[in-house]
């Protein structure tokens, strides 16, 4: 637990909330003059026993439950980045999931311009793998430039995906299915992901593979075979990242290498000197 950072974050955000906005009256005459909600008022609003919030803000609550942190974050109006900070300060780990179910479904509009500036194939998906932004080189990868609306569904279930992702069963499926499973752990109520999972379980080629173990949850740095609609058979090196304001969203950059032979020499890991 980082007590100093935790205390600073919670005090600052608590001070921004007017007690009157929650039905409390501000004391007059002698008494408390500090801005914002009192610690006891926070306990009342969260239906916690007296002193619970004080223990959290003072750093004297080792391993507080995630449910308490989530309730505090929502009461204080934290955004997703602040929610991550709160969990790291209080628990020394990332949060178990997004703060709000709607998080990860939208990104700042400037991402479209950013993606268009990339010379390699590039696209951004939301937390449900719905396509949010892409560039012209990515569009050119598909026959008749028919870009899929959901890349997870396209990779696993659509016939065009199975044809373009060469060596689909051995090179792609074992890498993609664990990502679906991991996404559902973080977002168990996501209707789009649940619908994809239902189709996967009903698919005779995928159902038994989905039940098998698989630990990979991101493709960053991997190289996989692909049939490009314009350039033919080749390989793509995959770079993956996440927009900071949308947990679960993803930026993918696909670097295409033509030819049947897989590259054997990968670029070395980058480290600060």
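The values are calculated or read from the model by the stated rules, or taken from the named source; none is laboratory data. Just so it is clear, the model here is predicted, and its values are computed rather than measured. Reconstructed Cβ throughout: ideal geometry from the backbone, glycine too, with neighbour counts over all protein chains shown.
A few remarks follow.
- Breaking point among (1) without any contact (Cβ under 8 Å) to a residue 60 or more places away in the chain; (2) farther than 28 Å from residue 107 by Cβ; (3) surrounded by 14 or more Cβ atoms within 10 Å (Cβ to Cβ), for residue 268: (3)
- A count restricted to region 32-60 and to residues that are part of a loop (DSSP other than H, G, I, E, B) and touching a residue at least 24 places away in the same chain (Cβ under 8 Å) stands at 1.
- Looking across region 142-153, the residues that are touching a helix residue (DSSP H, G or I) at 6+ places or on another chain (Cβ under 6 Å), surrounded by fewer than 20 Cβ atoms within 10 Å (Cβ to Cβ) and under 18 Å from residue 250 (Cα atoms) come down to 147, 148.
- Of the helices (runs of 4 or more DSSP H) lying entirely inside region 76-177, the ones with 2 or more residues being under 30 Å from residue 15 (Cβ atoms) and not assigned by TED's automatic domain parsing to the domain that holds residue 239 are found at 80-91.
- Meets criteria (touching a helix residue (DSSP H, G or I) at 6+ places or on another chain (Cβ under 6 Å), under 24 Å from residue 104 (Cβ atoms) and at pLDDT below 90) for residue 216: yes
- Exactly one residue out of 112, 164, 179 is touching a residue at least 60 places away in the same chain (Cβ under 8 Å) and at negative phi: that is 164.
- Scanning region 87-96 for residues that are modelled with pLDDT of 90 or more and either in contact with a helix residue (DSSP H, G or I) (Cβ under 8 Å, 6 or more places away or on another chain) or crowded, with 19+ Cβ neighbours inside 10 Å (or both) yields 87, 89, 90, 91, 93.
- The single condition among (1) in the same structural domain as residue 126 (by TED's automatic domain parsing); (2) part of a loop (DSSP other than H, G, I, E, B) that residue 226 does not satisfy is (2).
- Tally, over region 182-219, of residues that are part of a loop (DSSP other than H, G, I, E, B) and either without any contact (Cβ under 8 Å) to a residue 12 or more places away in the chain or surrounded by 12 or more Cβ atoms within 10 Å (Cβ to Cβ) (or both): 14
- From the list 37, 99, the one residue that fits, being in contact with a helix residue (DSSP H, G or I) (Cβ under 6 Å, 6 or more places away or on another chain), at pLDDT below 95 and farther than 21 Å from residue 185 by Cα, is 37.
- Candidates 122, 127: the one that is touching a strand residue (DSSP E or B) at 6+ places or on another chain (Cβ under 9 Å), on the phi < 0 side of the Ramachandran plot and modelled with pLDDT under 95 is 127.
- If you go through region 164-179 and keep only what is exposed (fewer than 13 other Cβ atoms within 10 Å of the Cβ) and in contact with a strand residue (DSSP E or B) (Cβ under 7 Å, 6 or more places away or on another chain), you end up with just 167.
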